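**Q** The structure under discussion is supplied below as structure tokens; questions concerning it will follow.
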Amino acid sequence: MTSDLDHFGQAKYVSLTTFRKDGTPVATPVWVASDGDRLLVWTVTDSWKVKRVRKNPKVTIQQCDMRGNASGPVVEGHAEVLDDDGTALVRKAIKRKYGITGTVAINASLLRRGKRGTIGLAVTV
């Protein structure tokens with residue numbers, strides 16, 4: 001499965017699908033970066049996807065474009081909400097992968113929301 005994660009880690013956007021209490025899937029396009037045997041996702045701390053992951057860590061991932069139009073295989077996995085150190089690792093990985101765009105987005109978010117305003121997720125398959 002590592003090759004699947006490498007494939008997703010190289011994609012510009014990945015559709016991360018989380019599940020509501022009633023099982024309804026909710027897909028969201030996100031930036032991701034590879035970190036060994038997991039994918040790192042950076043998102044807003046109080047987003048619904050984070051709330052859903054805390055209740056149900058089951059997720060699916062699929063390559064997509066920036067609008068969320070999915071393509072390619074769907075892979076099932078589990079997501080974990082990361083602590084402060086894990087989130088710092090995610091920020092570094094996103095900056096490294098997305099270059100100036102990622103750096104500007106993260107720095108602007110840090111100014112606007114502070115360090116606790118965004119959080120990292122780790123997805124394993």
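Quick note: the coordinates plus some simple rules give every number you see, no bench work behind them. Every value quoted in this text rests on a predicted model; they were computed, and no experiment measured them. No Cβ is skipped: glycine too gets one built from the backbone with ideal geometry, and neighbour counts run over all protein chains shown.
**Q** Would you kindly state how much longer the chain becomes between Thr24 and Asp46 on full extension, computed as 0.36 nm times their sequence separation minus their alpha carbon distance, in nm to one decimal?
**A** Working: separation 22, 0.36 × 22 = 7.92 nm, distance 1.96 nm.
Taking 0.36 nm per residue and subtracting the Cα distance, the gain is 6.0 nm.
**Q** Running a GNM on the chain with Cα contacts under 10 Å, which residue among Leu39, Leu16, Leu89 ends up with the highest mean-square fluctuation?
**A** So, out of Leu39, Leu16, Leu89, the one fluctuating most is Leu89.
**Q** Extent of the stretch 2-124 along each principal axis, from alpha carbon coordinates, in Å, largest to smallest?
**A** Result, largest extent first: 35, 29, 26 Å.
**Q** Could you work out the relative contact order of the chain? I mean the mean sequence separation of Cα pairs under 8 Å and 6+ apart, divided by the number of residues, in percent.
**A** After rounding, I find 29 percent.
**Q** Separate question: Tell me the chymotrypsin sites (Phe, Trp or Tyr not before Pro) within the stretch 6-56 that lie in a loop according to DSSP and have at most 12 other beta-carbon atoms within 10 Å.
**A** Sparse-neighbourhood loop chymotrypsin sites (Phe, Trp or Tyr not before Pro): none present.
**Q** Please order Asp22, Asp85, Asp46 by the number of other Cβ within 10 Å, starting at the fewest.
**A** Details: Asp22 5, Asp85 9, Asp46 12.
Going from least to most buried by this count: Asp22, Asp85, Asp46.
**Q** Here's a follow-up. For Lys55 paired with Arg112, estimate the spin-label separation in nm (one decimal), with each label point 7 Å from Cα along the Cα-to-Cβ line.
**A** Using points 7 Å along Cα→Cβ, the separation is 2.6 nm.
**Q** Using a Gaussian network model of the chain with C-alpha springs under 10 Å, which one of Leu82, Leu40, Leu110 is most mobile by mean-square fluctuation?
**A** Evaluated over the chain, the most mobile residue of the options is Leu110.
**Q** Let me ask another. Using the charge dipole of the chain (Lys, Arg: +1 at Cβ; Asp, Glu: -1 at Cβ; taken about the Cα centre), state which of Val50, Phe8, Leu89 has its Cα farthest towards the positive end.
**A** Val50
**Q** Just grab the label-to-label distance for Asp37 and Asp65, each label 7 Å out from Cα along the Cβ direction, in nm (one decimal).
**A** In this crude label model, Asp37 to Asp65 measures out at 3.6 nm.
**Q** Within the chain, count lysine pairs with alpha carbon atoms under 17 angstrom apart where the residues are 8 or more positions apart or belong to different chains.
**A** Taking the chain as the scope, the lysine pair count is 10.
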